[in-house]
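Undergrad: Let me begin by handing over the structure; questions about it come next.
A short reminder: the numbers here are calculations on the coordinates, not readings from a lab. Bear in mind that the values here come from a model prediction, so they are computed numbers and not experimental data. Cβ coordinates were reconstructed from backbone atoms using ideal geometry, including for glycine residues, and neighbour counts include every protein chain displayed.
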Amino acid sequence: MAASDHTILEQAARWLGEGRKVALATVVETWGSAPQPVGSQLAIDAEGNFIGSVSGGCVEGAVVTEALDVISSGAPRLMQFGVADETAWKVGLACGGRIAVYVEPVT
Amino acid sequence: MRRQVLDGLLEARAQRRAVALITDLASGAQRLVPRSEAARDALADRLEEAFRFDQSSSHDGQFINVHNPPLRLVIIGAVHIAQSVIPIAQQLGYDITVIDPRGAFATGARFPGVMLHDEWPDEVIPTIGLDPRTALIALTHDPKIDDPALKLALASDVFYIGALGSRKTQGSRVARLRETGFAEADVTRIRGPIGLDIGARGAPEIAVSIMAEMTRALRLGA
């Protein structure tokens, strides 16, 4: 668990309290060298505001885009990022590791 | 994640209770397991390890996310070295409490944004409680202030106890504590001279050595 996890969850709760829709992205598995440990989180609101980190910046943009989809569809999804991935050219991890990120709506 | 699960996580944190959130990654089903009930859970073995090493992980499509209480550092002595320790400890995620009965030391101007107590350690510590996610360091050099705090730390399961002072100071400190009935195995829990031996010079480098030793105790239990 990263040091600032509580501020991420608190922000998610605050957004919900303001009537905003929110998704939570969590690193659930890593392979090789990964910038953020398992359990690292990102909270995203429906306008694309986010707090936290799942990769130290490498794939946050892609995760936020997916999170907006998850917020509107209401269905969680599991995503992978890494050098073996098709999307690696666009949003791969510079460190060469691979991570799985679970993106879920908070309802 | 349901709103009530999020609220449960935040509540556990506020009350310093360890919980794990288990998510079935295929179905999205989630359950919150308090550490106190982990032994009776179907994933008991994995949960025990996860809590102890503060390590979240996935197994067979089940994701265990550990939410241990925040780390806490109790500093005895609102002294110069404390001012160097605090910013590093905050970066490492510790909530800080500073205790110093000498009113002139524990002032908000010297320690902005930190919980300050200008009472004696044996008055304050029982009210805040010590637990396995807490470390305590005694920095005053004054046995009248340091010793009562160290005694309470030794009677608790804090993960790190350190005391500032030379080898000679540490020797007489250990002798005093032995005389009051603490066993040899107890007093060896006190790291003194405090910090890893990195040849630190001056307060900022001593702070680095203290926080390095504390991190080793947290992660490796040594």
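Undergrad: Which whole-Hz couplings ³J(HN,Hα) result when phi for each residue of the range B:86-92 is put into the Karplus expression 6.51 cos²θ - 1.76 cosθ + 1.60, θ = phi - 60°, listed in order with x for Gly and Pro?
TA: Coupling constants for the range B:86-92: 4, x, 5, 4, 5, 4, 7 Hz.
Undergrad: OK, next. So what's the back-of-envelope 222 nm ellipticity for chain B, counting only DSSP H runs of four-plus at -39500 (n - 2.57) apiece and dividing by all residues, rounded to 500?
TA: On the way: 8 runs with 90 residues, N = 222.
Here the helix-only value at 222 nm equals -12500 deg cm²/dmol.
Undergrad: Let me ask you something else. In whole Hz, what ³J(HN,Hα) sequence does the range B:51-57 give by Karplus (6.51, -1.76, 1.60; θ = phi - 60°), x for Gly and Pro?
TA: Taking θ as phi minus 60°, the curve returns 5, 4, 9, 6, 10, 7, 6 Hz for the range B:51-57.
Undergrad: Let me ask another. From Cα pairs below 8 angstrom and at least 6 apart in sequence, can you work out the relative contact order of the range B:51-118, rounded to a whole percent? Write down the numbers at each step before the final one.
TA: Details: 87 pairs, mean separation 17.5, N = 68.
About 26 percent, as a whole number.
Undergrad: List the aspartates and glutamates whose alpha-carbon lies under 15 Å from that of B:LYS168, not counting same-chain residues fewer than 8 positions away?
TA: Within the straight-line cut-off, B:LYS168 pairs with B:ASP142.
Undergrad: Any idea which of B:ILE128, B:PRO69, B:ALA138 is furthest toward the positive side of the dipole for the range B:68-222, if Lys and Arg beta-carbons carry +1 and Asp and Glu beta-carbons -1?
TA: B:ALA138
Undergrad: While we're here: Mind listing the long-range amide H neighbours of A:GLU29? Cut-off is under 5 Å, sequence gap 5 or more, other chains count too, H placed in the peptide plane at 1.01 Å from N.
TA: A:ALA100
Undergrad: Between B:GLU48 and A:ARG14, what's the calculated FRET efficiency when r is the beta-carbon distance and R0 is 45 Å? Round to 0.05.
TA: After rounding, the FRET efficiency stands at 0.85.
Undergrad: Please average, across the residues of B:56-67, the number of beta carbons from any other chain that are within 10 Å of each residue's own beta carbon, and give a whole number.
TA: Values: counts 9, 6, 8, 1, 0, 2, 1, 9, 3, 9, 3, 5.
So the per-residue partner count for this stretch is 5.
Undergrad: Can you compute 3J(HN,Hα) from phi for each residue in the range B:174-183, using the Karplus curve 6.51 cos²θ - 1.76 cosθ + 1.60 with θ = phi - 60°, rounded to whole Hz and x for Gly and Pro?
TA: With coefficients 6.51, -1.76 and 1.60, one gets 4, 4, 4, 5, 4, 5, 8, x, 6, 6 Hz.
Undergrad: Place a +1 charge on the Cβ of each Lys and Arg in chain B and a -1 charge on the Cβ of each Asp and Glu, then give the dipole magnitude about the Cα centre in debye, rounded to the nearest 20.
TA: On the way: 26 positive and 27 negative charges, 57 e Å.
Dipole of chain B, to the nearest 20 debye: 280 debye.
Undergrad: While we're looking at this one, here's another question. Once the Cα atoms of helix B:202-220 and of chain B are each reduced to a long axis, what angle between those two axes, in degrees from 0 to 90 to the nearest 10, is obtained?
TA: Taking the Cα atoms of chain B, the angle to B:202-220 is about 40 degrees.
Undergrad: Which of the aspartates and glutamates could be linked to B:LYS144 by a straight reach, that is with a Cα gap under 15 Å, when you skip same-chain ones fewer than 8 residues away?
TA: B:ASP100, B:ASP118, B:GLU119, B:ASP122, B:GLU123
Undergrad: Using +1 on the beta carbon of Lys and Arg, -1 on that of Asp and Glu, and nothing else charged, what's the dipole of the range B:178-222 about the Cα centre, debye to 20? Kindly include the intermediate steps, with their values, before the conclusion.
TA: Numbers: 6 positive and 6 negative charges, 32 e Å.
Result for the range B:178-222 is approximately 160 debye, rounded to the nearest 20.
Undergrad: Would you mind working out the magnitude of the charge dipole of the range B:1-70 relative to its Cα centre, with +1 at each Lys and Arg C-beta and -1 at each Asp and Glu C-beta, to the nearest 20 Debye? Walk me through the numbers before you get to the answer.
TA: Working: 10 positive and 10 negative charges, 61 e Å.
Around 300 debye, computed over the range B:1-70.
Undergrad: Which of the peptides B:154-166, B:48-60, B:132-144, B:177-189 is most tightly packed, and how do the rest follow, going by the mean number of other Cβ atoms within 10 Å of each residue? Spell out each step's value before the answer.
TA: Details: B:154-166: 18.5, B:48-60: 15.9, B:132-144: 20.8, B:177-189: 12.5.
Listed from highest to lowest mean packing, they are B:132-144, B:154-166, B:48-60, B:177-189.
Undergrad: Restricting everything to alpha-carbon atoms, can you work out Rg to Rh for the protein assembly as shown with a Kirkwood hydrodynamic radius? Display every interim value, and only then the final one.
TA: Details: Rg = 22.2 Å, Rh = 21.6 Å.
When Rh is taken as the Kirkwood radius, the ratio is 1.03.
Undergrad: Sorted by average packing, counted as other Cβ atoms within 10 angstrom per residue and highest first, what order do B:69-79, B:92-102 take?
TA: On the way: B:69-79: 23.7, B:92-102: 20.2.
Ranking the peptides B:69-79, B:92-102 by packing returns B:69-79, B:92-102.
Undergrad: With each label point set 7 Å from Cα along the Cα-Cβ vector, what nm distance links B:ARG17 and B:ARG31?
TA: Modelled inter-label distance: 1.6 nm.
Undergrad: Continuing with the same structure: Evaluate E = 1/(1 + (r/R0)^6) for A:SER33 and B:THR215, where r is the Cβ-Cβ distance and R0 equals 25 Å; express this FRET efficiency to the nearest 0.05. It would help to have the intermediate numbers written out before the result.
TA: Details: r = 20 Å, r/R0 = 0.80.
E between A:SER33 and B:THR215, to the nearest 0.05, is 0.80.
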